[in-house]
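The values are calculated or read from the model by the stated rules, or taken from the named source; none is laboratory data. All figures in this text were calculated on a predicted structure; none of them were measured in a lab. So basically every Cβ, Gly included, is an ideal-geometry build from the backbone, and we count neighbours across all protein chains shown. When the accessible area is computed, the model is the full protein with side chains, heavy atoms only, and any ligands, DNA or RNA have been set aside. Shrake-Rupley method; radii C 1.70, N 1.55, O 1.52, S 1.80 Å.
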Amino acid sequence: MAADRMWVKVHHSKTGEVVVAICDENLLGRKIEVNDDFSVEVSESFYGGALVTRDELDRYIAQAKILNLLGESTIAYMMEKGLVSEKAVIKVGRIPHVQVYL
């Protein structure tokens, strides 16, 4: 069962693309251990814009040129919408991640 809420933040790249970063609510601020020498922080500066429900995500997705997605619930929702293929998903530590170019 997917989580009710996700963090979403809209970024504007120097080249004009709109990048929308979305992660599961429980991941923000966590450090993901990739291996003994490397970890990734799920930073508030990248993901921590607004805490929204699944139903509210569509308006953010509509403006995106690139989606940066992190977390089981986030990716499951995007798969339900047909925006993500399971083959595109990689694991960062044990957390699913995918980047989608629209």
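Worth pointing out:
- Whether the chain is rounded, prolate or oblate, judged on the alpha carbon gyration tensor where a/c under 1.5 counts as rounded: rounded
- Rolling a 1.4 Å probe over the protein heavy atoms of segment 28-77, with every protein chain left in place, gives an accessible area that is 44 percent carbon and sulfur.
- Surface per residue (accessible, 1.4 Å probe) for segment 42-102, Å²: 56
- A simple charge model with +1 on the Cβ of Lys and Arg, -1 on the Cβ of Asp and Glu and nothing else charged puts the dipole of segment 1-57 at about 220 debye relative to its Cα centre.
- Euclidean distance between Cα centres, segment 52-95 to segment 1-43, Å: 11
- Oblate is the label for segment 1-47, because a/c, from the alpha-carbon gyration tensor with a ≥ b ≥ c as root eigenvalues, is 1.5 or above and a/b does not exceed b/c.
- Test item: Cα-centred dipole of the chain, Lys/Arg +1 and Asp/Glu -1 on Cβ, debye: 280
- Proximal lysines to residue 81, defined as alpha-carbon separation beneath 27 angstrom and excluding residues fewer than eight positions away on the same chain: 9, 65, 91
- The order of the peptides 72-85, 25-38, 44-57 by mean Cβ neighbours within 10 Å, most packed first, is 72-85, 44-57, 25-38.
- Considering only 76, 29, 11, and ranking their Cα positions along the charge dipole of the chain that arises from unit charges at the beta-carbon of Lys, Arg, Asp and Glu, the one farthest toward the positive end is 11.
- Antiparallel DSSP beta bridges within the chain, as percent of all bridges there, nearest 5: 80
- Computed extension length for residue 58-residue 37: 3.9 nm, one decimal, from 0.36 nm per residue of separation with the Cα-Cα distance subtracted.
- Helical mean residue ellipticity (222 nm; -39500 (n - 2.57) per DSSP H run of 4+; nearest 500) of the chain: -4000 deg cm²/dmol
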